[in-house]
Amino acid sequence: MDAKEILKVYFGYDSFRDGQEIIINAILESRDVLAIMPTGAGKSICYQVPALMLSGITIVISPLISLMQDQVKALNEAGINAAYINSSLNDLQISKALRLASEGVYKIIYVAPERLESMEFTEFASRTDISMVTVDEAHCISQWGQDFRQSYLKIVDFVKSLSKRPIISAFTATATEEVKNDIACILNLKNPSVVVTGFDRKNLYYRVESVKRKDDFVVEYIEKHPQDSGIIYCATRKNVDSLHELLFKRGVAVTKYHAGIDNETRKKNQNDFIYDKTPVIVATNAFGMGIDKSNVRYVIHYNMPQSMENYYQEAGRAGRDGEPSQCILLFSAQDVMINKFLLERKDFTDIPFEDIELIQQRDAKRLQIMERYCRTTNCLRNYILNYFGETTTGNCDNCGNCHSEYTEVDMTYEAKWVINCVAETKGRYGQAIVLGTLLGANRARLKEIGTVNYKSYGMLKDRSEAQLRMLISQMILDGYLYQTEGQYSVLRMGDISPLRDDNTHVIIKMHKEKETAGKQVLSQKKSTDSLTSAGYELFEKLRKLRLEIAREEAMPPYIIFSDKTLIDMCVKTPQNKSEMLNVSGVGVAKYDKYGQRFLDEIKEYQENNPNAVISIYEEEDQGSIVSKPKKRKRGKAEFYINEEDSEKFQYKDLYYISEIKDELNRITTADDVKKLSATKILDYLLSQGLVEERNIDGKFIRVQTDKGLQKGITTIEKVSKAGNPYTLLMYPPEVQKEIVNYFIR
Ligand code: ADP
């Protein structure tokens, strides 16, 4: 089998994603590889596919036991024999695994780096054909990274100890130059193929919300997304406990995680989350390492994190399956204080005195950059990407700021007073003093240090503090001001020469309206967008079946099938094995294990709901609910009726769209035309402005317009068998007639 066939047969995917093929080809040409790809980009497949094609074994070095176990489970599910060797196994189990590996049972073995030193393992390695050593989370080898692990340095000696040098492939999502160079150098990569696919996670929608009542926001958001799995990060354990209690009382299936909870309970809570027993988790940043859950639809930060590095990593746990997901940061000025307080209490035992100051400076600087992210009105995605060293062109049109309406306010006059004030402080004071002075605050501290005698004192007293804060942030971004690093940062003058030109203006963008938790995100297309309410009903059924199987198999549901795969099943509604294998993410082994049960579920649903339109795509030649846009038959003429046929249409008080479709298909005498689909009728209704489609809260919903309402289009509420309410549009004779006329030729 070639690489593409392996991708299809084992993993069920039709094509490679960005970067994957280049990496696989390089490995197959025996070249070392250094791949930098963001979370969710699909790194595993880059080494798993060639591992199956190389003659010997591939050893994957991975830092976390839970990650290894997940990966091995997923491979076994895909029909690939793989094993892991780590401290969760006893000596007997390890010996057995190594014996089986020697016998050629496994193509891929995951090991913890510590294992590379064990006699038994090195002895095994020396007598085995090892084709490739893959270093997962390769940034752990760099002291520059946040997750440096001493044990990763042992990889080098291990590779040297082998009789034949294997191919070395290294993977990470950390993109900084230092880390990249460290990996290549320390691992001693030979003329590696370096593949960097870009840091951007296009499916993540970033939002910053300055809300007063964070609890209300979180409750509202979760209640509006009841089907979704999400993580809510809080800065402190106390926050976690109280928010968890609140949500629990509101009936949310929620669990919690922080370092104050005993080990056993923590593990149970984590598993409840992974297994979708409790799809929502409230946690401190102690939670998340090694969590591979692919269907996390949102990550809400209840408090501002301490750095962009932390934020990107934590928020990045959303949407690993590539589906649109939200990363929402709830900001309040108090968060800055909380974080300063937490940083002040940081434990510096065992750290040399001279390093402490450096670390404190670095921490304070990171906090400033984080705060600016929360306050910027510019594109949030660009802010993140620029921070991590990527250049960007234009705004992303896919983040909260790009979708907010702003009014632009010219604050050049105010900016000049800020400059005057900073000049008067001679760079001795920070933002709080400058703001207080400009606002003319009556504070003892200002009197004490004498800023009440400045010319600038009270000069901007009728402006709001929030507005001036934004102005100062903008002036820092523009380079007019400069904020020093360190715990007690002060404001200094930057390059103010452009301000001497009368044509230079300092423009501040202010929010026009406040956004709410339920705000729609219109530009992101989800796979579920193509599902109708009936489609959702089927999707829910398939999810239930998946959960049932997951419990039987003691396996996280997303390892059985991802949400994306279930959605594709709804869209394609496969009827047999070959159609099921056409669904993205269904490989041969998974089909053999679970395929029939999913086919049965789909069939049962269709039999119980013969008129249900599941997806907005429909197969035209069948006029059925089966959706396979790629398989449309060609050659037949478009559907039509003639005048005579139209007489036979049986008008009724109210029809829903599929009934009109069936009635038209019944009366036509036209030969060899495609069967009429409901979509065609819908297209007509849309074009006439009688109906419109709205993406409400991520769901695809059709509603009548005012014009449609006037013509008597009504709705009826129905409840699905699963107990979910849905709305059906009903069309009166006047509209039925219009539709009939439209198809007359
Ligand atoms: P990473 O390790 O880079 O975070 P993963 O290897 O966990 O990412 O892959 C993320 C998700 O993308 C997984 O669900 C995986 O099955 C899926 N995936 C990977 N490659 C492809 C592909 N070529 N087509 C479709 N899905 C893919």
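The values are calculated or read from the model by the stated rules, or taken from the named source; none is laboratory data. A quick note: this is a predicted structure, and the numbers were derived from the prediction, not measured. Neighbour counts are summed over all protein chains in view; Cβ atoms, including those assigned to glycine, are modelled from backbone coordinates with ideal geometry. Heads up: the accessible areas ignore ligands, DNA and RNA and are worked out on the full protein's heavy atoms, side chains in. Shrake-Rupley method; radii C 1.70, N 1.55, O 1.52, S 1.80 Å.
Scan around Ile232 for amide H atoms under 5 Å from its own, H built in the peptide plane at 1.01 Å from N, and keep only partners 5 or more places away or cross-chain.
Here Ile281, Val282, Ala283, Ile300 satisfy the definition.
Could you pull the accessible area for Ile716 with a 1.4 Å probe, rounded to 10 Å²?
For Ile716, the solvent-accessible surface is approximately 60 Å².
Pull up the cross-link candidates among the aspartates and glutamates for Lys96, meaning alpha carbon to alpha carbon under 13 Å and not fewer than 8 places away within one chain.
Straight-line reach from Lys96, under 13 Å: Glu120.
Among the listed pairs Lys43/Lys593; Lys675/Lys707; Lys544/Lys564; Lys43/Lys180; Lys277/Lys590; Lys648/Lys675, which are separated by more than 20 Å between their Cα atoms? Please list the in-between numbers first.
Working: Lys43/Lys593 25 Å; Lys675/Lys707 29 Å; Lys544/Lys564 15 Å; Lys43/Lys180 16 Å; Lys277/Lys590 23 Å; Lys648/Lys675 17 Å.
Lys43/Lys593; Lys675/Lys707; Lys277/Lys590, as the Cα separations exceed 20 Å there.
Whose amide H sits under 5 Å from the amide H of Arg702, counting only residues 5 or more places off or on another chain, with H placed in the peptide plane?
Arg694
For Asp592 and Val194, what does the FRET efficiency come to when R0 = 56 Å and r is the distance between their Cβ atoms, rounded to the nearest 0.05? List each step's numbers first, then the result.
Working: r = 39 Å, r/R0 = 0.69.
About 0.90, to the nearest 0.05.
Count the lysine pairs in segment 338-456 whose Cα atoms sit under 26 Å apart, keeping only pairs 8 or more residues apart in sequence or on different chains.
Step by step, the pairs that qualify in segment 338-456 add up to 12.
Before I look further, what does segment 376-425 give for accessible area per residue, probe 1.4 Å, in whole square angstrom? It would help to have the intermediate numbers written out before the result.
Details: 2170 Å² over 50 residues.
For segment 376-425, the solvent-accessible area averages 43 Å² per residue.
Once label points are set 7 Å from the Cα along Cα→Cβ at both Asn609 and Asn271, what is their separation, rounded to one decimal in nm?
Label-label distance for Asn609 and Asn271, simple model: 3.4 nm.
Just to confirm my numbers, what's the Cα centroid distance between segment 586-604 and segment 31-110 in Å?
Result: 26 Å between the Cα centres.
Suppose we keep just the DSSP beta bridges with both residues in the chain; what percent of those would be antiparallel, to 5? Don't skip to the answer; put the middle values down first.
Values: 22 of 73 bridges.
Of those bridges, close to 30 percent are antiparallel.
May I ask you to list the residues of segment 357-387 whose amide nitrogen lies under 19 Å from a point 7 Å from Cα along the Cα→beta-carbon direction of Ile449?
364-365, 368
If a paramagnetic tag sat 7 Å from the Cα of Glu643 along the Cα-Cβ line, which residues of segment 727-745 would have the backbone N under 20 Å from that point?
737-745
Can you compute the helix-only [θ] at 222 nm over the chain? Use -39500 (n - 2.57) per DSSP H run of at least 4 residues, normalise by all residues, nearest 500 deg cm²/dmol.
Details: 29 runs with 298 residues, N = 745.
Helix contribution divided over all residues of the chain: -12000 deg cm²/dmol.
At 1.4 Å probe size, put Lys648, Lys267 in order of accessible surface, largest to smallest. Could the numbers behind the result be given before it?
Working: Lys648 95, Lys267 135 Å².
Largest accessible area first, the residues go Lys267, Lys648.
Note down the nm distance, to one decimal, between modelled labels 7 Å out along Cα→Cβ at Thr176 and at Ser55.
Roughly 4.2 nm, to one decimal.
Which of the peptides 315-322, 705-712 is most tightly packed, and how do the rest follow, going by the mean number of other Cβ atoms within 10 Å of each residue?
Values: 315-322: 23.0, 705-712: 14.0.
Result, highest mean first: 315-322, 705-712.
Amide H neighbours of Leu34 under 5 Å, at least 5 residues apart or on other chains, H built in the peptide plane: list them.
Residues meeting the amide H criterion: Ala170, Ser193, Val194, Val195.
Excluding Tyr257 itself, what net charge comes from residues whose Cβ is under 15 Å from its Cβ, given Lys and Arg +1 and Asp and Glu -1? Before the final figure, lay out the partial values.
On the way: positive: Arg237, Lys238, Lys256, Arg266, Lys267, Lys268, Lys277, Lys293, Arg317; negative: Asp241, Glu245, Asp262, Glu264, Asp272, Glu314.
Local charge sum for Tyr257: +3.
Using a Förster distance of 41 Å, how high is the FRET efficiency between Arg694 and Leu162, based on the Cβ-Cβ distance and rounded to 0.05?
The pair Arg694/Leu162 has a calculated efficiency of 0.10.
Got a sec? What order do Leu358, Leu654 fall in by accessible area at 1.4 Å, biggest, i.e. largest, first?
Working: Leu358 110, Leu654 60 Å².
In descending accessible area the options line up as Leu358, Leu654.
How do Phe341, Phe539 stack up against each other in accessible area, from largest to smallest, with a 1.4 angstrom probe?
The ranking, largest first, comes out as Phe341, Phe539.
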